[in-house]
1. For the range 88-158, with only Lys/Arg (+1) and Asp/Glu (-1) charged at the beta-carbon, what is the dipole magnitude about the Cα centre, in debye rounded to 20?
2. What distance in nm separates the simple spin-label points at ILE109 and GLN38, each placed 7 Å from Cα in the Cβ direction?
3. What is the spin-label model distance, in nm, from ALA160 to ARG227 if the labels are put 7 Å beyond Cα along the C-beta direction?
4. Please compute the contact order of the chain in relative form: average sequence separation of alpha-carbon pairs under 8 Å and at least six residues apart, divided by the residue count, as a percent.
5. Counting helices only, and only those DSSP H runs with n ≥ 4, report the 222 nm mean residue ellipticity of the chain as the sum of -39,500 (n - 2.57) divided by its residues, in deg cm²/dmol to the nearest 500.
6. Between GLU210 and LYS26, what is 0.36 nm times their sequence separation minus the Cα-Cα distance? Round to one decimal in nm.
7. Rounded to the nearest 20 debye, what is the charge dipole size of the chain about its Cα centre when +1 sits on each Lys and Arg Cβ and -1 on each Asp and Glu Cβ?
8. To the nearest 20 debye, what is the magnitude of the charge dipole of the range 157-232 about its Cα centre, counting +1 on the Cβ of each Lys and Arg and -1 on the Cβ of each Asp and Glu?
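The values are calculated or read from the model by the stated rules, or taken from the named source; none is laboratory data. Just so we're clear, the structure is a prediction, and the values are computed from it rather than from any experiment. Note that we place each Cβ from the backbone using ideal geometry, even for glycine, and neighbour counts take in every protein chain shown. With ligands, DNA and RNA removed, areas are computed over all heavy atoms of the protein, side chains included. Shrake-Rupley method; radii C 1.70, N 1.55, O 1.52, S 1.80 Å.
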Amino acid sequence: MLLAGVLACSSFVGGCRKGDPDALWKIVHGRCVPDQQQHGDPAPCVAVALEAGEQRGYAVLKDRNGPYQFLLIATGPVSGVESPALLAADAPPYFAAAWRARSFVEQAIHRSLPREEVGLAINSRYGRSQNQLHIHIDCLRPAVRDALHAHLGEIGAQWATLDVPLEGRRYRAMRITETAFDQANPFALLGVPVEEMARHTLVAAGTTFEDGTPGFILLDDTASLWRLDQGHGEDLQSHSCS
């Protein structure tokens with residue numbers, strides 16, 4: 001618990017994150033879901049999907065940070081990347097739903113985005129401010145996109161550490177086709193015991209492979225006090241789409 005406290009509230013990252021850690025839960029559970037159920041209007045969210053039930057559903061909300069960033073948020077009580085429910089065989093396909101929700105980013109920016117420009121990110125327990133599962137949907141930083149493209153040929157179907165740092169961090173990377181991504185559970189693909197999941201951040205960067213197959217590069221980093229790393233994969237996103 002000492003490591004958790006230091007990672008979450010350390011002077012080298014600017015101190016404890018402020019604000020209500022349950023704010024997203026209160027918005028989604030207290031407003032978006034009831035509004036959708038009672039009035040057919042998901043406001044203040046832009047979408048609420050409850051076809052599989054509220055416990056397995058999700059909402060999409062415009063984030064207050066960045067002009068084009070959206071969040072996919074679980075409508076059931078799921079704390080975050082450390083939740084054992086995410087490793088279940090029948091876990092909801094949150095990442096696949098987040099990828100489809102990139103259409104809201106495109107609507108906000110008023111143009112279609114090549115898949116290589118878009119990334120999905122979930123931060124570690126120690127790199128987040130909210131205790132409700134949420135996936136950040138936004139454009140990738142151009143330098144990150146270019147680095148991944150340049151090293152695409154070195155990224156295989158098994159996890160391996162990238163030779164190039166991304167925003168100062170060394171990530172593990174693996175490739176996966178879009179078809180496999182839709183059918184797989186990226187959380188389970190990490191291959192990490194549930195007791196270690198809290199330290200991991202997971203990013204899915206859209207890409208097109210050498211043969212023209214659409215897919216993703218999955219990126220994994222681990223929070224570490226000794227490396228001054230909070231496991232904040234959101235850093236790979238630009239929040240500006242510039």
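1. Once rounded to the nearest 20, the dipole reads 200 debye.
2. Simple spin-label model gives 3.7 nm for this pair.
3. So the two model labels end up 1.8 nm from each other.
4. 22
5. Mean residue ellipticity at 222 nm (helix-derived): -5500 deg cm²/dmol.
6. Additional length available on full extension: 61.8 nm.
7. It works out to roughly 560 debye.
8. The calculation lands at about 240 debye.
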